[in-house]
1. Among the numbered criteria (1) surrounded by 20 or more Cβ atoms within 10 Å (Cβ to Cβ); (2) closer than 16 Å to ALA238 by Cα, which one does LEU96 miss?
2. Which of the following residues is more than 22 Å from the chain's Cα centre (by Cα) and either of a type in the set (Lys, Arg) or modelled with pLDDT under 95 (or both): ARG317, ARG239, ARG267?
3. Only one of these conditions is not met by ARG163: (1) loosely packed, with under 15 Cβ neighbours inside 10 Å; (2) of a type in the set (D, E, K, R); (3) in a helix (DSSP H, G or I). Which number is it?
4. Which number in (1) touching a residue at least 24 places away in the same chain (Cβ under 8 Å); (2) of a type outside the set (A, V, I, L, M, F, W, C); (3) within 20 Å of HIS60 (Cα to Cα); (4) outside any loop (DSSP other than H, G, I, E, B) marks the one condition that GLY92 misses?
5. Search segment 203-218 for residues that are within 25 Å of GLY290 (Cα to Cα) and in contact (Cβ under 8 Å) with a residue 60 or more places away in the chain and pair each with any residue that is among the polar types (S, T, N, Q) and surrounded by 18 or more Cβ atoms within 10 Å (Cβ to Cβ) when their beta-carbon atoms are under 8 Å apart and the residues are at least 6 apart or on different chains.
6. Is it the case that VAL114 is modelled with pLDDT of 95 or more, touching a Lys or Arg at 6+ places or on another chain (Cβ under 6 Å) and either among the small types (Gly, Ala, Ser) or not in a helix (DSSP H, G or I) (or both)?
7. Tally time: how many residues in segment 169-198 are assigned to a loop (DSSP other than H, G, I, E, B), farther than 27 Å from THR301 by Cα and not polar (S, T, N, Q)?
8. Residue under question is VAL84, and the condition is that it be among the hydrophobic types (A, V, I, L, M, F, W, C), under 30 Å from ASP283 (Cβ atoms) and either in a loop (DSSP other than H, G, I, E, B) or out of contact with any helix residue (DSSP H, G or I) (no Cβ under 6 Å at 6 or more places or on another chain) (or both); does it hold?
Amino acid sequence: MTRHLGIVGCTASGKSAIAMQIATAMPDVEIVSLDAMQVYRGMDIGTAKPTPAERAEVPHHLIDVVDPDQEWTVRATQDAARSVIAGIEARGKRALLVGGTGLYVRAVVDGLDVPARDHARRAELEAATETPAGLAEAYARLRARDPLAASRIEPANRRRIVRALEVIELTGRPFSSFGAGLSVYPPPVFDLALVGVWLPRAELLARITARFDAMRAAGLVGEVRELAARPHGISRTARQAIGYKELFSALDGPPGALDAAFDQAVRRTAQFARRQRMWFRRDPRIRWVGAARNPGLLEPTVLAIWRHGASVAAPTR
């Protein structure tokens with residue numbers, strides 16, 4: 001059997017449930033989360049973390065790694081996952097990677113060359129590019145220092161311009177020199193089968209809506225209030241989590257603000273799911289499995305791919 005397995009797909013598609021089905025039936029399997037927000041302690045309900053009972057039954061990794069006032073990055077996930085997978089292999093077990101954060105999956109599976117961050121310099125660059133003139137000046141500097149990177153970045157894309165300049169100044173290397181880019185799909189850096197879970201869009205939207213209803217009933221508003229009251233606040237990356245982001249601005253709003261925030265969170269999650277679908281669909285190494293309604297029925301198919309499918313190889317196109 002292929003040594004490790006990765007299950008990917010849209011949020012609320014049932015990836016985690018399938019992973020638990022497999023891991024509870026196979027004692028040599030440990031789950032590795034590649035979710036950008038489950039790393040934060042105290043952000044439990046809104047990130048749909050596995051329950052304490054599930055985590056007691058099956059080892060889970062990269063969950064509750066940092067406090068919510070800390071930044072978490074692609075590089076941090078890559079480094080932590082490499083260490084975790086090495087430990088799993090040393091124990092004679094197999095990793096079951098579960099992820100909906102596409103860039104995190106690619107960083108771990110493909111070993112992308114991800115440069116470190118300099119938060120102080122990044123803050124300076126962000127402040128310098130707040131105005132149109134400052135952004136234009138920064139883009140001109142990028143064109144002078146790395147014309148190839150500049151040609152790939154829109155002049156109005158402040159986030160990417162700032163990141164490119166940050167990397168150039170931190171490493172002394174062109175930003176464009178860090179890997180062949182996300183349009184190339186090489187063989188993974190370790191023995192792996194990749195499976196994607198697919199549901200019809202209407203069913204996925206229904207599951208997203210039901211998930212937020214369940215989160216609200218489980219106390220998501222109270223969880224957000226506790227985060228908002230933290231002495232050190234929460235980090236920029238943690239604050240971007242869908243559901244939390246909308247509720248933070250609605251906590252002290254007028255009557256109906258929370259209802260509107262939940263509606264907005266559902267819409268944004270559906271939009272995020274569409275982006276996830278497009279991201280993962282581009283990867284020719286993923287074997288897709290689909291269900292009309294119940295993704296739990298896909299477990300035998302996923303296991304068959306894991307047992308009989310070869311490790312993913314370089315794409316032919």
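The values are calculated or read from the model by the stated rules, or taken from the named source; none is laboratory data. None of the values given here were measured: they were computed from a predicted structure. Because the Cβ atoms are built from the backbone with ideal geometry, glycine has one as well, and the counts that use them run over all protein chains shown.
1. Unmet for LEU96, out of (1) surrounded by 20 or more Cβ atoms within 10 Å (Cβ to Cβ); (2) closer than 16 Å to ALA238 by Cα: (2).
2. Criteria check complete, one pass: ARG317.
3. Going through the list (1) loosely packed, with under 15 Cβ neighbours inside 10 Å; (2) of a type in the set (D, E, K, R); (3) in a helix (DSSP H, G or I), ARG163 breaks only (1).
4. With respect to (1) touching a residue at least 24 places away in the same chain (Cβ under 8 Å); (2) of a type outside the set (A, V, I, L, M, F, W, C); (3) within 20 Å of HIS60 (Cα to Cα); (4) outside any loop (DSSP other than H, G, I, E, B), GLY92 is out only on (4).
5. Every condition considered, the pairs that remain are LEU204/SER13; ARG207/SER13; ILE208/THR11; ILE208/THR269.
6. Spelling it out, it is not the case that VAL114 is modelled with pLDDT of 95 or more, touching a Lys or Arg at 6+ places or on another chain (Cβ under 6 Å) and either among the small types (Gly, Ala, Ser) or not in a helix (DSSP H, G or I) (or both).
7. 9
8. yes
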